[in-house]
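S.K.: Have a look at this one.
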Amino acid sequence: MEMERKNKGKKSMKEGRKDEKQRGVCYLGRIPPRMDPSTLRQMLSQYGEIQRWVEFSDKRVAKRVANMLNGEQIGGKKRSSFYYDLWNIKYLSKFKWDNLTEEIAYKKPLGSKN
């Protein structure tokens with residue numbers, strides 16, 4: 001019984017790592033004023049499942065979204081403040097969300113609590 005639990009734990013960890021390798025991160029060069037994260041997430045989630053900010057579950061989807069939306073009008077409701085703004089989005093190949101968190105942790109001073 002104990003051995004089965006350990007094996008299940010190892011399998012789920014391996015699946016998690018495999019899942020992380022399939023994710024793709026997009027970079028937004030500019031987010032329009034007054035566009036909150038929930039609106040951004042809602043607009044981009046119609047193209048694929050989003051994990052964190054602009055990290056898609058599938059890197060192929062992230063590439064396709066970046067190629068399709070870059071330079072295009074954001075749109076939405078005509079009365080919205082960012083209707084005429086353009087997407088400035090780029091797929092970051094070989095970049096994972098963990099790279100960003102590692103860099104932030106590296107740059108944080110040793111004595112800081114934040």
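S.K.: For region 94-109, just list the computed ³J(HN,Hα) in residue order, Karplus coefficients 6.51, -1.76 and 1.60, θ = phi - 60°, integers in Hz, with x standing in for Gly and Pro.
M.R.: Couplings: 6, 10, 10, 4, 4, 4, 5, 5, 5, 5, 5, 5, 5, 7, 5, x Hz.
S.K.: Can you check what the net charge comes to around residue 68, using other residues whose Cβ is under 13 Å from the Cβ of residue 68 (Lys, Arg +1; Asp, Glu -1)?
M.R.: Combined, the nearby Lys, Arg, Asp and Glu give +3.
S.K.: A further question on this structure: Mind listing the phi-derived Karplus ³J(HN,Hα) values for region 69-84, rounded to whole Hz, using 6.51, -1.76 and 1.60 with θ = phi - 60°, and x for any glycine or proline?
M.R.: 8, 4, x, 8, 5, 5, x, x, 6, 4, 7, 5, 6, 10, 4, 8
S.K.: For the pair residue 30 and residue 67, what calculated FRET efficiency results from E = 1/(1 + (r/R0)^6), where r is the Cβ-Cβ distance and R0 = 25 Å, to the nearest 0.05?
M.R.: The calculated FRET efficiency here is 0.90.
S.K.: Check residue 89: other-chain or 5+ apart residues with amide H under 5 Å from its amide H, H built from backbone geometry?
M.R.: When sequence neighbours closer than 5 places are left aside, the close amide H contacts are 29, 70, 71.
S.K.: In whole Hz, with x marking every Gly and Pro, tabulate ³J(HN,Hα) for region 35-49 from phi via Karplus 6.51 cos²θ - 1.76 cosθ + 1.60, θ = phi - 60°.
M.R.: Once rounded to whole Hz, the list reads 9, 8, x, 5, 5, 4, 4, 5, 5, 7, 6, 5, 9, x, 6.
S.K.: Count of lysine pairs in region 17-95 with Cα atoms under 28 Å apart, counting only pairs 8 or more residues apart in sequence or on different chains?
M.R.: Counting lysine pairs in region 17-95 gives 16.
S.K.: Once the Cβ-Cβ distance between residue 47 and residue 78 is put in as r, and R0 is 25 Å, what FRET efficiency do you end up with, to the nearest 0.05?
M.R.: Working: r = 21 Å, r/R0 = 0.86.
With a Förster radius of 25 Å, E is 0.70.
No lab work stands behind these numbers, since they all come straight from the coordinates. Note that the coordinates shown come from a computational prediction; the quantities given were computed from them, not determined experimentally. We place every Cβ from the backbone using ideal geometry, glycine too, and count neighbours over all the protein chains shown.
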